[in-house]
Amino acid sequence: MNTYFNNKTIWITGASSGIGEALVRELALKSNAKIILSSRNADQLYHVAEKSGLKTDRYAIIPLNLMNYKEMPGIAALAIEKFGKIDLLINNAGLSQRSLAIETDIEVDKRLMDVDFIGTVALTKAILPYMIQNGGGQIAVVSSLMGIFGAPMRSGYAAAKHALHGFFDALRAELYNDKIRVTIICPGFIQTDISIHAVTGNGSQQGTMDDATKKGMPVDIFAGKMLKAIEQQKNQKAIGGKEVIGVYLKRFFPALLTKVVRKAKVV
(Lines give C-alpha, C1' and ligand atoms only; values in the text may rest on other atoms or scores of the structure.)
Protein backbone atom coordinates (compact mmCIF):
# COMPACT_ATOMS: atom_id res chain seq x y z
CA MET A 1 0.00 0.00 0.00
CA ASN A 2 1.46 3.38 -0.97
CA THR A 3 0.30 6.83 0.14
CA TYR A 4 -3.14 6.62 -1.50
CA PHE A 5 -5.01 6.42 1.81
CA ASN A 6 -2.88 8.97 3.65
CA ASN A 7 -4.65 12.14 4.81
CA LYS A 8 -8.04 10.63 3.98
CA THR A 9 -11.03 10.15 6.25
CA ILE A 10 -12.38 6.64 5.77
CA TRP A 11 -15.72 5.39 7.09
CA ILE A 12 -16.05 1.60 7.47
CA THR A 13 -19.34 -0.11 8.31
CA GLY A 14 -19.34 -3.59 9.80
CA ALA A 15 -16.03 -2.67 11.44
CA SER A 16 -16.48 -4.70 14.62
CA SER A 17 -15.34 -8.02 13.13
CA GLY A 18 -14.36 -9.94 10.03
CA ILE A 19 -13.51 -7.98 6.88
CA GLY A 20 -14.26 -4.63 8.51
CA GLU A 21 -11.92 -5.29 11.42
CA ALA A 22 -9.18 -6.47 9.04
CA LEU A 23 -9.54 -3.27 6.98
CA VAL A 24 -9.16 -1.18 10.13
CA ARG A 25 -5.98 -3.05 11.08
CA GLU A 26 -4.48 -2.69 7.62
CA LEU A 27 -5.25 1.02 7.35
CA ALA A 28 -4.06 1.72 10.90
CA LEU A 29 -0.73 0.03 10.22
CA LYS A 30 -0.01 1.24 6.69
CA SER A 31 -1.52 4.73 6.46
CA ASN A 32 -2.17 7.82 8.52
CA ALA A 33 -5.86 7.86 7.57
CA LYS A 34 -8.51 8.89 10.04
CA ILE A 35 -11.06 6.11 10.42
CA ILE A 36 -14.70 6.11 11.45
CA LEU A 37 -15.80 2.69 12.70
CA SER A 38 -19.46 1.69 12.57
CA SER A 39 -21.54 -1.36 13.48
CA ARG A 40 -24.26 -2.16 15.99
CA ASN A 41 -21.77 -3.01 18.77
CA ALA A 42 -20.05 0.13 20.09
CA ASP A 43 -18.02 -1.71 22.73
CA GLN A 44 -16.55 -4.05 20.14
CA LEU A 45 -15.73 -1.10 17.88
CA TYR A 46 -13.67 0.52 20.64
CA HIS A 47 -11.92 -2.81 21.17
CA VAL A 48 -11.06 -3.05 17.47
CA ALA A 49 -9.76 0.52 17.35
CA GLU A 50 -7.55 0.05 20.40
CA LYS A 51 -6.32 -3.37 19.29
CA SER A 52 -5.39 -1.87 15.92
CA GLY A 53 -3.18 0.70 17.62
CA LEU A 54 -5.20 3.73 16.57
CA LYS A 55 -4.62 6.82 18.66
CA THR A 56 -7.74 8.62 19.83
CA ASP A 57 -7.24 11.49 17.38
CA ARG A 58 -7.30 9.07 14.45
CA TYR A 59 -10.64 7.37 14.97
CA ALA A 60 -14.28 7.91 15.87
CA ILE A 61 -17.01 5.45 16.80
CA ILE A 62 -20.49 5.81 15.33
CA PRO A 63 -22.89 2.95 16.08
CA LEU A 64 -25.49 2.25 13.42
CA ASN A 65 -28.01 -0.41 12.44
CA LEU A 66 -28.66 -0.65 8.69
CA MET A 67 -32.20 -1.86 9.42
CA ASN A 68 -32.95 1.67 10.66
CA TYR A 69 -32.33 3.20 7.25
CA LYS A 70 -34.36 6.35 7.94
CA GLU A 71 -31.74 7.35 10.52
CA MET A 72 -28.92 7.50 7.96
CA PRO A 73 -29.09 11.24 7.13
CA GLY A 74 -28.57 12.12 10.80
CA ILE A 75 -25.81 9.54 11.18
CA ALA A 76 -24.05 10.88 8.07
CA ALA A 77 -24.19 14.41 9.47
CA LEU A 78 -22.66 13.13 12.70
CA ALA A 79 -19.83 11.47 10.74
CA ILE A 80 -19.05 14.74 8.98
CA GLU A 81 -18.92 16.52 12.34
CA LYS A 82 -16.20 14.13 13.53
CA PHE A 83 -13.50 14.99 10.97
CA GLY A 84 -15.11 17.49 8.59
CA LYS A 85 -15.24 15.22 5.54
CA ILE A 86 -15.55 11.65 4.26
CA ASP A 87 -13.15 10.76 1.44
CA LEU A 88 -13.96 7.06 1.28
CA LEU A 89 -17.07 5.21 2.45
CA ILE A 90 -16.62 1.44 2.69
CA ASN A 91 -20.04 -0.21 2.81
CA ASN A 92 -19.00 -3.49 4.38
CA ALA A 93 -21.77 -4.38 6.85
CA GLY A 94 -24.13 -7.12 5.77
CA LEU A 95 -25.96 -10.34 6.53
CA SER A 96 -25.78 -13.74 4.83
CA GLN A 97 -28.25 -16.60 4.49
CA ARG A 98 -28.32 -20.40 4.68
CA SER A 99 -31.78 -21.67 3.69
CA LEU A 100 -33.74 -22.94 0.72
CA ALA A 101 -36.06 -20.38 -0.89
CA ILE A 102 -39.17 -22.50 -0.37
CA GLU A 103 -38.36 -22.82 3.35
CA THR A 104 -37.52 -19.13 3.92
CA ASP A 105 -40.10 -16.87 5.54
CA ILE A 106 -40.74 -13.76 3.44
CA GLU A 107 -39.83 -11.60 6.45
CA VAL A 108 -36.33 -13.11 6.29
CA ASP A 109 -36.08 -12.11 2.63
CA LYS A 110 -37.19 -8.60 3.59
CA ARG A 111 -34.60 -8.44 6.38
CA LEU A 112 -31.84 -9.45 3.98
CA MET A 113 -32.94 -6.78 1.53
CA ASP A 114 -33.21 -4.13 4.25
CA VAL A 115 -29.71 -4.81 5.62
CA ASP A 116 -27.76 -5.73 2.50
CA PHE A 117 -29.41 -3.30 0.08
CA ILE A 118 -31.75 -0.63 1.47
CA GLY A 119 -29.59 0.29 4.48
CA THR A 120 -26.44 0.45 2.38
CA VAL A 121 -28.14 2.58 -0.26
CA ALA A 122 -29.62 4.89 2.39
CA LEU A 123 -26.24 5.50 4.00
CA THR A 124 -24.62 6.11 0.62
CA LYS A 125 -27.29 8.60 -0.41
CA ALA A 126 -26.92 10.40 2.91
CA ILE A 127 -23.17 10.93 2.45
CA LEU A 128 -23.22 11.84 -1.26
CA PRO A 129 -24.10 15.55 -0.87
CA TYR A 130 -21.08 16.01 1.42
CA MET A 131 -18.77 14.23 -1.03
CA ILE A 132 -20.02 16.35 -3.92
CA GLN A 133 -19.55 19.51 -1.87
CA ASN A 134 -16.03 18.34 -1.01
CA GLY A 135 -15.16 17.98 -4.69
CA GLY A 136 -15.19 14.19 -4.95
CA GLY A 137 -14.62 10.96 -3.12
CA GLN A 138 -14.92 7.20 -3.38
CA ILE A 139 -17.48 4.60 -2.39
CA ALA A 140 -16.55 0.95 -1.97
CA VAL A 141 -19.21 -1.73 -1.59
CA VAL A 142 -18.62 -5.24 -0.30
CA SER A 143 -20.92 -7.43 -2.37
CA SER A 144 -20.22 -11.15 -2.89
CA LEU A 145 -19.77 -13.61 -5.71
CA MET A 146 -23.49 -14.09 -5.04
CA GLY A 147 -23.94 -10.60 -6.46
CA ILE A 148 -22.76 -11.99 -9.81
CA PHE A 149 -24.33 -15.45 -9.83
CA GLY A 150 -26.88 -17.18 -7.64
CA ALA A 151 -26.64 -20.53 -5.88
CA PRO A 152 -28.73 -22.79 -3.62
CA MET A 153 -29.36 -21.70 -0.02
CA ARG A 154 -28.65 -18.05 -0.87
CA SER A 155 -31.77 -16.84 -2.74
CA GLY A 156 -32.55 -13.76 -0.61
CA TYR A 157 -28.87 -12.96 -0.09
CA ALA A 158 -28.11 -13.24 -3.81
CA ALA A 159 -31.12 -11.06 -4.62
CA ALA A 160 -29.94 -8.30 -2.28
CA LYS A 161 -26.37 -8.46 -3.59
CA HIS A 162 -27.55 -8.41 -7.21
CA ALA A 163 -29.55 -5.29 -6.33
CA LEU A 164 -26.38 -3.65 -5.02
CA HIS A 165 -24.70 -4.17 -8.38
CA GLY A 166 -27.57 -2.61 -10.27
CA PHE A 167 -27.71 0.42 -8.01
CA PHE A 168 -23.99 1.11 -7.74
CA ASP A 169 -23.28 0.51 -11.44
CA ALA A 170 -25.90 3.16 -12.23
CA LEU A 171 -24.57 5.45 -9.49
CA ARG A 172 -21.03 5.18 -10.86
CA ALA A 173 -22.19 6.54 -14.19
CA GLU A 174 -24.28 9.29 -12.61
CA LEU A 175 -21.45 10.56 -10.42
CA TYR A 176 -18.55 10.33 -12.85
CA ASN A 177 -18.47 14.07 -13.53
CA ASP A 178 -18.63 14.73 -9.77
CA LYS A 179 -15.31 12.86 -9.37
CA ILE A 180 -16.86 10.21 -7.14
CA ARG A 181 -15.61 6.72 -7.97
CA VAL A 182 -17.44 3.50 -7.12
CA THR A 183 -15.73 0.14 -6.51
CA ILE A 184 -17.68 -3.09 -5.98
CA ILE A 185 -15.78 -5.86 -4.20
CA CYS A 186 -17.00 -9.45 -4.58
CA PRO A 187 -15.49 -11.79 -1.95
CA GLY A 188 -15.42 -15.54 -2.33
CA PHE A 189 -14.71 -17.78 0.64
CA ILE A 190 -13.05 -15.60 3.31
CA GLN A 191 -12.19 -16.73 6.84
CA THR A 192 -14.76 -14.73 8.81
CA ASP A 193 -17.81 -15.52 10.97
CA ILE A 194 -20.23 -14.73 8.13
CA SER A 195 -21.69 -18.25 8.08
CA ILE A 196 -22.06 -18.35 11.87
CA HIS A 197 -24.19 -15.19 11.81
CA ALA A 198 -26.09 -16.16 8.63
CA VAL A 199 -29.87 -16.34 8.97
CA THR A 200 -31.85 -19.52 8.36
CA GLY A 201 -35.36 -19.83 6.99
CA ASN A 202 -37.06 -18.78 10.23
CA GLY A 203 -34.67 -15.88 10.89
CA SER A 204 -32.51 -17.58 13.50
CA GLN A 205 -28.72 -17.68 13.21
CA GLN A 206 -27.09 -20.73 11.67
CA GLY A 207 -24.57 -20.71 14.52
CA THR A 208 -21.96 -22.89 12.81
CA MET A 209 -18.98 -22.29 10.53
CA ASP A 210 -19.21 -23.56 6.95
CA ASP A 211 -16.32 -25.82 6.00
CA ALA A 212 -15.60 -23.85 2.82
CA THR A 213 -15.49 -20.59 4.79
CA LYS A 214 -13.11 -22.11 7.33
CA LYS A 215 -10.78 -23.11 4.49
CA GLY A 216 -11.11 -19.80 2.65
CA MET A 217 -8.70 -16.95 2.14
CA PRO A 218 -7.31 -15.47 5.39
CA VAL A 219 -9.13 -12.24 6.09
CA ASP A 220 -5.97 -10.11 6.41
CA ILE A 221 -4.80 -11.21 2.97
CA PHE A 222 -8.24 -10.42 1.58
CA ALA A 223 -8.20 -6.94 3.19
CA GLY A 224 -4.89 -6.13 1.51
CA LYS A 225 -6.20 -7.21 -1.88
CA MET A 226 -9.42 -5.26 -1.36
CA LEU A 227 -7.59 -2.06 -0.47
CA LYS A 228 -5.39 -2.50 -3.53
CA ALA A 229 -8.50 -2.69 -5.73
CA ILE A 230 -9.87 0.45 -4.09
CA GLU A 231 -6.55 2.23 -4.60
CA GLN A 232 -6.65 1.26 -8.29
CA GLN A 233 -10.24 2.52 -8.46
CA LYS A 234 -11.44 -0.71 -10.02
CA ASN A 235 -15.07 -0.76 -11.06
CA GLN A 236 -15.45 -4.33 -9.80
CA LYS A 237 -13.09 -6.92 -8.35
CA ALA A 238 -13.74 -10.56 -7.41
CA ILE A 239 -11.37 -11.81 -4.71
CA GLY A 240 -11.09 -15.39 -3.49
CA GLY A 241 -9.84 -18.83 -4.49
CA LYS A 242 -10.98 -21.19 -7.22
CA GLU A 243 -14.61 -20.21 -6.56
CA VAL A 244 -13.93 -17.00 -8.52
CA ILE A 245 -14.02 -19.15 -11.66
CA GLY A 246 -17.80 -18.95 -11.27
CA VAL A 247 -17.67 -15.36 -12.53
CA TYR A 248 -16.26 -16.51 -15.87
CA LEU A 249 -18.60 -19.49 -16.07
CA LYS A 250 -21.53 -17.13 -15.58
CA ARG A 251 -20.38 -15.01 -18.50
CA PHE A 252 -19.33 -17.68 -20.99
CA PHE A 253 -20.87 -21.01 -19.85
CA PRO A 254 -24.01 -20.23 -17.80
CA ALA A 255 -25.53 -23.69 -18.25
CA LEU A 256 -22.34 -25.28 -16.90
CA LEU A 257 -22.36 -22.90 -13.93
CA THR A 258 -25.87 -24.06 -13.00
CA LYS A 259 -24.68 -27.66 -12.90
CA VAL A 260 -21.61 -26.74 -10.84
CA VAL A 261 -23.40 -24.74 -8.14
CA ARG A 262 -26.09 -27.41 -7.76
CA LYS A 263 -23.41 -29.81 -6.55
CA ALA A 264 -21.00 -27.51 -4.75
CA LYS A 265 -21.06 -25.63 -1.47
CA VAL A 266 -21.02 -21.93 -2.23
CA VAL A 267 -20.29 -18.52 -0.70
Top to bottom by accessible area (1.4 Å), largest first, where do 222, 252, 189, 83 land?
-> 252, 83, 189, 222
What is the distance, in nm, between label points placed 7 Å from the Cα along the Cα-to-Cβ direction at residue 252 and at residue 50?
-> 5.2
About its Cα centre, how strong a charge dipole does segment 9-262 have in debye, to the nearest 20, once Lys and Arg get +1 and Asp and Glu get -1 at the Cβ?
-> 720
Segment 26-107: relative contact order from alpha carbon pairs under 8 Å, six or more residues apart, as a whole percent, is 26
Enumerate the amide H contacts of residue 183 below 5 Å, restricted to partners 5 or more residues apart or on another chain; note that Pro and chain-start residues carry no placed amide H.
-> 139, 140, 141
Using modelled amide H (1.01 Å from N, peptide plane; none on Pro or chain starts), what sits under 5 Å from the amide H of residue 190, excluding residues fewer than 5 places away?
-> 217
Name the residues whose placed amide hydrogens come within less than 5 Å of the amide hydrogen of residue 36, ignoring near sequence neighbours (fewer than 5 apart) on the same chain.
-> 10, 11, 12, 60
Of 207, 195, 260, which is farthest on the positive side of the dipole of segment 190-267, counting Cα position, with +1 on Lys and Arg Cβ, -1 on Asp and Glu Cβ, and the Cα centre as origin?
-> 260
Which order do 208, 192 take when ranked by solvent-accessible area (1.4 Å probe, heavy atoms of all protein chains), largest first?
-> 208, 192
Relative contact order of the chain, defined on C-alpha pairs under 8 angstrom at six or more residues apart (%) | 19
Classify segment 152-267: rounded, prolate or oblate, from the alpha-carbon gyration tensor (a ≥ b ≥ c, eigenvalue square roots; a/c under 1.5 rounded; otherwise prolate if a/b is larger than b/c)?
-> prolate
Of the listed pairs 214/242; 8/55; 214/250; 8/228; 8/179; 30/225, those with alpha carbons more than 20 Å apart are 214/250
What helix-only [θ] at 222 nm does the chain give? Using -39500 (n - 2.57) per DSSP H run of at least 4, over all residues, to the nearest 500, the answer is -13000 deg cm²/dmol
Within straight cross-link reach of residue 110, meaning Cα distance under 21 Å, which lysines are found once same-chain residues fewer than 8 apart are removed?
-> 70, 125, 161
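The values are calculated or read from the model by the stated rules, or taken from the named source; none is laboratory data. Since we're looking at a predicted model, the values are computed, not measured. Don't worry about glycine lacking a Cβ; one is built from the backbone with ideal geometry, like all the others, and counts go over all protein chains shown. We work out accessible area using only protein heavy atoms, side chains counted, and drop any ligands, DNA or RNA first. Shrake-Rupley method; radii C 1.70, N 1.55, O 1.52, S 1.80 Å.
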